[in-house]
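Here the structure is laid out as structure tokens; the discussion comes afterwards.
Bear in mind these aren't lab numbers, they're just calculated from the coordinates by the rules spelled out. Just so you know, these numbers come straight off a predicted model, no measurement behind them. All Cβ positions, even for glycine, are placed from backbone atoms using ideal geometry, and neighbour counts span all protein chains on display.
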Amino acid sequence: MAATTTIEVPHLGGIKAGYALSGGVYDPAKPTCVLINSMCTTVSLYRDQFADEALTSAVNLLAVEPLGHGATSCPTEHFTYWDSAIMALQVMDRLGIQQAFALGTSQGGWIVTRMALLAPERIRGLVLLGTSMDYESADSRTKGCWDPKTLLAPFYDMWSGVPGQPTPDFVVDDVWCGMVATLGFGAAGTPDMVAFWTSALKDIYKGDEGRKKLKMALACLLDRDGLCRRVRDVVCPVYWLQGTDDAPFGTTVPAEQIKLFTSSKEATLTIVPGGNHYLNATNPKEVKETLLQLVNKYK
């Protein structure tokens, strides 16, 4: 479900950021990796990573729920992925973490890359999972990426409501919950997995506040800016994993975009056979090996 712990940071007038920290306490003797979850998921997306003793014994795992997600709340209705990146850096500040590696799944990849651009001296390396550095441009769509504006814009219109008319009975519908699971887990999704995330989404996105939160999470996705011109300024190493069965982004665009990280100490793309969109959930072994390889090399 959503994070059970929140911490207040100053951005946007005072955000309460939902987070989970392995072991419950920051251990300064170990390197740290910040984990940012995908669209409409929570820190629970990283259950496999938090349950892996070999991983948590080597690295502090700090999962942070972006704006519009989980237990994170904000006094302003409007925000962007840049705001979520600033918020995550401020969570690090509040916990006394000066530097960290950062791993992002899908939209989390866009957020952790922004963290590396905003604070290059603090992000030691990136692990990008099932993502793209572009917005869903016409060029991307010709190379196998999805078209979320056509697919998802009707949901935004439906969730916008009527100004001045609260929606206390709102609950996110089963169609949306099913898409989150289907697009993310693909063939690796199980009935239990779908049931878990359906329950989580209905618990988080309910009532008038839940509707607004969900609407703006989707607005961030539909209206985001691409990073293709900016990633040449990322200086830390980048390890990118993309599944062969990644439905939203495929494998053609990542193969082109990894070459744009021209200032990175190292930038590699690994194609994961049979891997789906949420690789940390469908291929945790490969993700753990990649993260530990990055941390051990650059800590």
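Using Cβ point charges alone (K and R +1, D and E -1), the dipole size of the chain about the Cα centre works out to roughly 680 debye.
The modelled label-to-label distance between residue 222 and residue 165, using points 7 Å beyond Cα along the C-beta direction, is 1.8 nm.
With each label modelled as a point 7 angstrom along the Cα→C-beta vector, the residue 47-residue 263 pair spans 4.0 nm. Calculate, in whole percent, how much of the Cα-Cα pair population of segment 1-91 lies beyond 16 Å. The share of Cα pairs beyond 16 Å in segment 1-91 comes to 50 percent.
The mean sequence separation of alpha-carbon pairs under 8 Å and at least six residues apart, normalised by the residue count of the chain, gives a relative contact order of 20 percent. Here's the picture: charge each Lys and Arg Cβ at +1 and each Asp and Glu Cβ at -1 in the chain, and of 244, 159, 200 the one pushed furthest to the positive end of that dipole is 244.
Which one, 100, 171, 82, projects farthest toward the positive side of the charge dipole computed for segment 77-186 from Cβ point charges (K/R +1, D/E -1)? Value computed over the given set: 100. Packing, taken as the mean count of other beta carbons within 10 Å per residue, orders the peptides 259-267, 14-22, 155-163 from highest to lowest as 14-22, 259-267, 155-163. The helix-only estimate of mean residue ellipticity at 222 nm for the chain, built from DSSP H runs of length n ≥ 4 each weighted as -39500 (n - 2.57), is -12000 deg cm²/dmol after division by the residue total. Amide H contacts of residue 264 (H built 1.01 Å from N, in plane; Pro and chain starts excluded): no residue 5 or more places away or on another chain comes under 5 Å.
Whole-Hz Karplus values for segment 208-218 come out as 5, 5, x, 5, 5, 4, 5, 4, 6, 4, 6 Hz, taken residue by residue from phi with 6.51 cos²θ - 1.76 cosθ + 1.60 and θ = phi - 60°; glycine and proline positions read x.
Quantify how much of the Cα-Cα distance distribution of segment 154-273 extends past 25 Å, in percent. Counting every Cα pair in segment 154-273, those more than 25 Å apart make up 45 percent. Go through 32, 279, 235 and say which Cα lies farthest out towards the positive end of the charge dipole of the chain; charges sit on Cβ, +1 for Lys and Arg, -1 for Asp and Glu. The residue sitting farthest along the positive end of the dipole is 235.
Can you give the % of DSSP beta bridges in the chain that are antiparallel, to the nearest 5? Could you put the intermediate results ahead of the total?
Working: 10 of 35 bridges.
Beta bridges within the chain, antiparallel portion: roughly 30 percent.
Take the residue pairs 16/149; 16/213; 259/297; 149/215 and return only those whose Cα atoms are more than 18 Å apart.
Checking Cα-Cα distances, 16/149; 259/297 exceed 18 Å.
Based on Cβ point charges of +1 for Lys and Arg and -1 for Asp and Glu, what charge dipole magnitude is obtained for segment 210-293 about its Cα centre, in debye rounded to the nearest 20? Write out the running numbers ahead of the final one.
On the way: 12 positive and 9 negative charges, 103 e Å.
It comes to approximately 500 debye.
P(r) for the chain, from all Cα pairs and a bin width of 10 Å, is 6, 30, 39, 21, 3, 0 %, short bins first.
Say R0 is 41 Å: what FRET efficiency, to the nearest 0.05, do residue 175 and residue 230 get from their beta-carbon distance? Please report the intermediate quantities before stating the final value.
Working: r = 34 Å, r/R0 = 0.84.
For R0 = 41 Å, the calculated efficiency reads 0.75.
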